[in-house]
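I have placed the structure first, in the form of structure tokens, so that the comments after it can refer back to it.
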Amino acid sequence: MALPSSGVLTLNDIQTEFGGTNPIGLSEYYRGGGLVPDTAGNAGIPTSGVISVTDFYGAANTIALNFVNHGVASGASGSVNIGTARGTRMVHLAGYTTNATFPTSVSIGGVTATVLTRLGAVSTNGQAGNIWQAYAKVPTGTTATVIISTAATYYVSTFDTVNSGASNTGNSNASTTFTFTAANPGICFWGCNSFEPITSGANSLSTNSPGGVTYQLFRSGTAQVTLGYNVTSTTVSQTFTATIAAGKIGGAGAVASIFSAN
């Protein structure tokens, strides 16, 4: 909720809106400094120098999602595009490995990322599989060096959030439905894979969230890897389903995460 645009405005009002610690000091609240989002609505708040309570008329601790899909990259290390630098920028990777392991560590632009993997056995025949996700807030740079503990293929996305991580996550070793709620706006990433070998049918993703599924990858070679996302437009509870086709032999599973901008 935005601060009033006129009238009485106190330091306590500012702290209630943006957070922070006591004793309250205005120097905590420079725009883009960590507590106050660098948005058009907060343009009256300075980024340094003289700052006063009246600079905060109409300011709000809310931001737009600003979701961007930057495409695909591969390998155990390399430079990727992450767009415009900003303190609220989250970098998300949705990937899979082509060897019998999951990543155990991922760093993005020197920041240690949170790693999510599906449950179940890993591929043992060198086929594409073993899906995972990783995410980290990376405030600086327009490109970032990604370092992964094992070679992988991954899809790079960025968006803005005032939060430090995912609102909710989930994984499984079979077909599954994740039931998540995201504040509007938000985004859910989910996917599934199976391998050894494909016998019939195809894995798929579905959701009751408006906008449906945008696939990043539908399938890959003998093993099926299915990755997608949905930009949420409602705050009600939503379902995100990963369906693994019948007739698969060998390990399979799914992983999902959902984020809110505010």
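The values are calculated or read from the model by the stated rules, or taken from the named source; none is laboratory data. Owing to the predicted nature of the structure, the values given are computational and were not obtained by experimental measurement. When we count neighbours, we look across all protein chains shown, and the Cβ atoms used for this are built from the backbone with ideal geometry, even at glycine.
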Looking only at residues in region 224-262 that are polar (S, T, N, Q) and within 17 Å of Ser172 (Cβ to Cβ), which one is modelled with the lowest pLDDT? Gln224
Could you check region 1-15 and list, in sequence order, the residues that are surrounded by 14 or more Cβ atoms within 10 Å (Cβ to Cβ) and β-branched (Val, Ile, Thr)? Ile14
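Applying the selection to region 56-65, what residues are surrounded by fewer than 18 Cβ atoms within 10 Å (Cβ to Cβ) and in contact with a strand residue (DSSP E or B) (Cβ under 9 Å, 6 or more places away or on another chain)?
Scanning region 56-65 gives a single hit, Ala64.
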May I ask you to verify whether Thr101 is surrounded by fewer than 19 Cβ atoms within 10 Å (Cβ to Cβ) and either of a type in the set (Val, Ile, Thr) or in contact with an Asp or Glu (Cβ under 8 Å, 6 or more places away or on another chain) (or both)? yes
Within region 74-98, the residues that are hydrophobic (A, V, I, L, M, F, W, C) and buried (at least 18 other Cβ atoms within 10 Å of the Cβ) are Val80, Ile82, Met90, Val91, Leu93, Ala94
Across region 63-105, the tally of residues that are hydroxyl-bearing (Ser, Thr, Tyr), in contact with a Pro (Cβ under 8 Å, 6 or more places away or on another chain) and more than 15 Å from Asn130 (Cα to Cα) stands at 1
Positions within region 38-83 being modelled with pLDDT of 90 or more, closer than 27 Å to Val231 by Cα and among the hydroxyl-bearing types (Ser, Thr, Tyr), in sequence order: Ser74, Ser79
Name the single residue, out of those in region 21-49 being in contact with a Gly (Cβ under 6 Å, 6 or more places away or on another chain) and without any contact (Cβ under 8 Å) to a residue 40 or more places away in the chain, that is nearest to Ser105 (Cα to Cα). Leu35
Any residue that is at pLDDT 95 or above, in contact with a Leu (Cβ under 6 Å, 6 or more places away or on another chain) and in the same structural domain as Thr226 (by TED's automatic domain parsing) - is there at least one of those in region 88-107? yes
Which of the residues belonging to region 50-70 are touching a residue at least 60 places away in the same chain (Cβ under 8 Å) and more than 15 Å from Phe159 (Cβ to Cβ)? Asn61
